[in-house]
Amino acid sequence: MSAKRTLHDGWTVTGDPGAPVTVEAIPASVPGEVVADLLAAGLVGDPYVDEAERGLAWVGRHDWTYRTSFDWTAAHGAAADWDGIELAFDGLDTVARVSFNGTVVGETANMHRRYRFDVRDLVLEGANELEVHFTAPYAYAEAQRDRLGDRPNAYPEPGNFIRKAACNFGWDWGPNLAGAGIWRPVRLECWKTARIDAVVPRVSLADGTGIVELDVRLQQAADADIELACTLAREAADGEVVAEAVLRVPAGADSATVRLEVEDPGLWRPRGHGDLELYAASVAVRSGGTVLDEWERQIGFRTVELDTEPDDDGRPYRLQVNGEAVWIKGVNWIPDEALFGRIDTARIERRLRQAVAAGVNYVRVWGGGVYESEDFYRLCDRLGLLVGQDFAFACAAYPEEEPFWSEVEAEARDNLARLAPHPSLVTWTGNNENLWGWHDWDWQGDLGSRTWGASYYHDLLPKLVSEVDGTRPYWPGSPYSGARELHPNEQAHGSVHIWDVWNERDYVHYRDWKPRFVAEFGYQAPPTWATVRRMVTDEPLVPDSPAMLWHQKAERGQDKLQAGLDAHLPPTRDFDDWLYFTQVNQARAVRLGIEYLRSLAPYCSGAVVWQLNDCWPVTSWAAIDGEERPKPLWYALRDGFADRFVTFQPEGDGLNMVVVNDAAEAWTGVIGFWKCNAEGRIIGRALVQMEIDPRDTAVLELEPGAIPKDGEFLLTGREDFPRATWFTKEDKDMDWPKARFSTGIALVDGGVAVTVHAESVLRDLCLFADRLDPDAVVDKALVTLVPGEHVVFTVQSEKIAASPELQRALTGKPVLRAIND
């Protein structure tokens, strides 16, 4: 028998006496963190607005103490009646001393793992006091740095000397809010005779049979035989039990393995590759007919392999699920809020559904953040999203000395076991950019003989993945070329990151690469208008106003944005132009990269865009900004990741039309495209009969007469795939006519339909309804039309639907924009 009671109520937090703000027992949220508590108490300004973050640098340099009390009554029985009474913390951030009724019961130094502390002999009838004292993260990290000797870090912070999310100390898209808190749930757990400590399901397929080996770890207190009752049930069949077994476990044993088999099971498949099935696996510990403890998780049957066998061209990085190669249409994931306590299941589901709606099939959980919550992976399981998981190391040299070696081992064991049930999780990767950093970022001279993490990535972590999990492939780093003697970012081998384009070169230079798999590439833009106005109150609002610059964390970020505008677009006249042009440039850059990489299939096997989401309002590489609003880039992802699409790609002096079919069925039909002059008049037409096998790519060299001359352009017709275009000049040099169009407005369910009839070329037409209603959602963006065509934008907004004045505002600047307006 067991009883579990959450301890989330009645908490307060107190600061140390030396803090610049006096904090005496203010209400605290659990799960949560101290910055949010200070904000809720009105003691600090909102760190997401203007430069308020600057005034919070002191928080991470002071200690914090959380306290609560709870009653133990006769209804719970006497403490002595239980064999175990334990405090279970799912996450403490980070260096903590836990006291129960005045007695220290444990200390922690890792936010990435779970902890349990025995308090059975300390429980009192009536009120019980629980205290968690957090040491300032900077004090701890700097002391470890001083003890062990400094190591290189991409940022001038000591985050590599504490097992805490690296991005808590700031990043080139994130704030420095390195606070403290009980950031995941806490419970009081009582049990008798025995309890389940962990269950690791190892799922495999062999000759059409699904096999689940349940590795059950137990804690026993009584000298009694127990039994494990294990079942497997199909969720799609209303919980029909398809396999079950009972195993007797002798007294004192702390582990057992139960094997369940299912003939011809339904498979878990990634989205775009068929339906998926999930099963409920459960374990009950029983003694004398009484259920003592239970465990249940969803699992799925699938195989996963990472093909990295060298070939004539180098070394691929090709993911195969159920024996079928999957072309990775991916995004990088960072924590969805800088204040982790604000992240709930509903928020995660909104973000992942936005990813699915953009055609994404793969999410890489980046190593500078956290191992995500159960909700995250459970939702990925149900949505058919593949997950590539980094271990929590990023952009820095990490010491291997104690206590860090033991902490990393415990952290890895804990998360490998916790996440093992999830079929969506398909790969583990040792780190983000640390192998690259050692090669190229001048680390070696600074390090001398000091450790930097190599033994984690090449020795400890692969051993633990094999030992604890044993069902998923491991890759030492992102990027990594598959052999230690090769440069880690060698494009013909393994996985690469492409950052020379954003940092140094124009985005057309994505085509200079010929990679096997791209795990990171991206381009910046500011967030949506409504989000800009949330984060910045500067007047006048200009690109280099003080708060706009504070919310640009990338080195020389504004200069790089301007260089991109100068290369492609006309001069901006005001902030509205700058916002629209930079967002369009971001979308164009990433779509060009995606289309080019997909045109290389199967040589190139995936493109993972940096990044899907933001953790606060900021100018960044994200497709969805920190207030959850899609930027134009999101619409470009949806087009670039479409199962079927066409792209024009240069080759030498010629031009190819590349047709990509990533659907399960053959693509048979006619593709038409037009050659137009700058006025949009059609001066040539072509029809191409296509028949492309499933998961295949066809390259068609265009005849010289079909290739546009200087000042002309190509575009495909209004087909059932995203429109492809090719322009011979940049917009700044193109002799575009001034945009001419007419509009019509009609009310629709929940909003307004805006029809735009083109009377001239309209280049990258967008409708920014968030300028009128921050909650408005628009169904499309980045539409290019020629005279005589029209498009209908559907705007979901009850506010706009109720206001004729707002409806009229939908049809002109700054809401309705085209590059040539």
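The values are calculated or read from the model by the stated rules, or taken from the named source; none is laboratory data. Since the structure is predicted, the reported quantities are computational estimates derived from the model, not experimental observations. Don't worry about glycine lacking a Cβ; one is built from the backbone with ideal geometry, like all the others, and counts go over all protein chains shown. Note: accessible area is taken over every heavy atom of the protein model, side chains too, but ligands, DNA and RNA are not part of it. Shrake-Rupley method; radii C 1.70, N 1.55, O 1.52, S 1.80 Å.
Between the helical axis of 575-599 and the longest alpha-carbon principal axis of the chain there is an angle of about 80 degrees.
Measuring with a 1.4 angstrom probe and ignoring ligands and nucleic acids, Val699 comes out at about 90 Å² accessible. Going down the table (Lys732/Lys799; Lys560/Lys729; Lys675/Lys799; Lys164/Lys553; Lys329/Lys729; Lys192/Lys463), which pairs top 31 Å between alpha carbons? As for pairs spanning more than 31 Å Cα to Cα, those are Lys732/Lys799; Lys675/Lys799; Lys192/Lys463. For the peptides 687-694, 628-635, the ranking by packing is 628-635, 687-694, with the highest mean count of neighbouring Cβ atoms within 10 Å listed first.
Candidates Gly812, Leu419, Val618 compared by Cα position along the dipole of the chain: farthest toward the positive end lies Gly812, with charges placed on Cβ.
Rounded, prolate or oblate: pick one for region 101-259, where a ≥ b ≥ c are the square roots of the eigenvalues of its C-alpha gyration tensor, a/c under 1.5 means rounded, and failing that, prolate if a/b is larger than b/c, else oblate. Taking the square roots of the gyration eigenvalues as a ≥ b ≥ c, region 101-259 is oblate.
For region 14-137, the solvent-accessible area with a 1.4 angstrom probe is 40 square angstrom per residue. Accessible surface calculations at 1.4 Å, restricted to protein heavy atoms, place region 150-261 at 37 Å² per residue. Counting heavy atoms of the protein chains alone, Phe721 has an accessible area of about 20 Å² for a 1.4 Å probe.
Note that region 747-792 presents 34 Å² accessible area per residue, ligands and nucleic acids not counted, probe 1.4 Å. Of [x] 92, 79, 59; [y] 89, 66, 62; [z] 116, 66, 63, which one was derived for Cα extents along the principal axes in Å from the structure shown? Structure-derived value, by its label: [y]. How would you classify region 287-433 from its alpha-carbon gyration tensor, with a ≥ b ≥ c the square roots of the eigenvalues: rounded for a/c under 1.5, else prolate if a/b is greater than b/c, otherwise oblate? Because its axes are fairly even, with a/c under 1.5, region 287-433 counts as rounded. Taking amide hydrogens as placed 1.01 Å from N in the peptide plane, the amide H of Ala678 sits under 5 Å from that of no residue at least 5 positions away in sequence or on another chain. For the chain, the relative contact order works out to 9 percent when only alpha carbon pairs closer than 8 Å and six or more residues apart are counted. Under 16 Å from a label point set 7 Å out along the Cα-to-Cβ vector of Asp749, the amide N atoms of region 765-800 belong to 794-798. Quick check: the angle from helix 557-568's long axis to the longest principal axis of the chain, C-alpha only, nearest 10 degrees? The helix 557-568 is inclined about 30 degrees to the chain. Across region 50-62, computed HN-Hα scalar couplings (Karplus, 6.51 cos²θ - 1.76 cosθ + 1.60, θ = phi - 60°) run 6, 10, 4, 3, 4, x, 10, 4, 6, 4, x, 10, 9 Hz from first to last residue, x flagging Gly and Pro.
Phi angles across region 300-316 convert, under the Karplus curve 6.51 cos²θ - 1.76 cosθ + 1.60 with θ = phi - 60°, into 3J(HN,Hα) values of x, 8, 6, 10, 9, 9, 10, 7, 10, 5, x, 10, 5, 9, x, 9, x Hz, Gly and Pro given as x. Overall, the chain carries a charge dipole of about 1320 debye about its Cα centre when +1 sits on the Cβ of Lys and Arg and -1 on the Cβ of Asp and Glu, all other atoms neutral.
Placing unit charges on each Cβ (+1 for Lys and Arg, -1 for Asp and Glu) gives region 1-127 a dipole about its Cα centre, and among Trp64, Val30, Gly91 the Cα reaching farthest toward its positive end belongs to Gly91.
For Thr6, Thr794, the ranking by accessible surface with the largest value first comes to Thr6, Thr794, using a 1.4 Å probe. Dividing the mean sequence gap of close Cα pairs (under 8 Å, 6+ apart) by how many residues region 74-197 holds gives a relative contact order of 35 percent.
Rolling a 1.4 angstrom probe over region 1-154 with all protein chains present gives an accessible area of which 48% lies on carbon and sulfur atoms.
Protein heavy-atom surface of region 688-821, 1.4 angstrom probe: 48% of the accessible area is carbon and sulfur, with nucleic acids and ligands not counted. Seen from Val815, the other residues with C-beta closer than 11 Å to its C-beta sum to a net charge of +1, counting Lys and Arg as +1 and Asp and Glu as -1. Just name one of Ala753, Ala642, Val123: the one whose Cα is farthest towards the positive end of the charge dipole of the chain (beta-carbon charges, Lys/Arg +1, Asp/Glu -1). Selected residue: Ala753. Shape class of region 558-707 from the alpha-carbon gyration tensor: oblate, with a/c at 1.5 or above and b/c at least as large as a/b.
Any idea what the relative contact order of region 568-696 is, in percent, if you count C-alpha pairs under 8 Å spaced at least 6 apart? Normalised by residue count, the contact order of region 568-696 is 17 percent.
Computed over neighbours whose Cβ is under 10 Å from that of Gly359, the net charge equals 0, Lys and Arg +1, Asp and Glu -1. For Val119, the residues whose amide H sits under 5 Å from its own are Ile85, Glu86, Leu87, ignoring neighbours fewer than 5 places away on the same chain, with H placed 1.01 Å from N. Within the chain, the longest run free of exposed loop sites, counting trypsin sites (Lys or Arg not before Pro) that sit outside DSSP helix and strand states (H, G, I, E, B) and have at most 16 other Cβ atoms within 10 Å, spans 1-449.
Solvent-accessible area assigned to carbon and sulfur over region 294-436 amounts to 43 percent, based on a 1.4 Å probe. Between the amide H of Ile226 and those of Val249, Ala251, distances stay under 5 Å, these residues lying 5 or more places away or on another chain, with hydrogens modeled in the peptide plane.
For region 244-255, backbone phi angles converted through the Karplus equation (6.51, -1.76, 1.60; θ = phi - 60°) give residue-by-residue couplings of 7, 7, 10, 10, 7, 10, x, 4, x, 5, 10, 7 Hz, Gly and Pro being listed as x.
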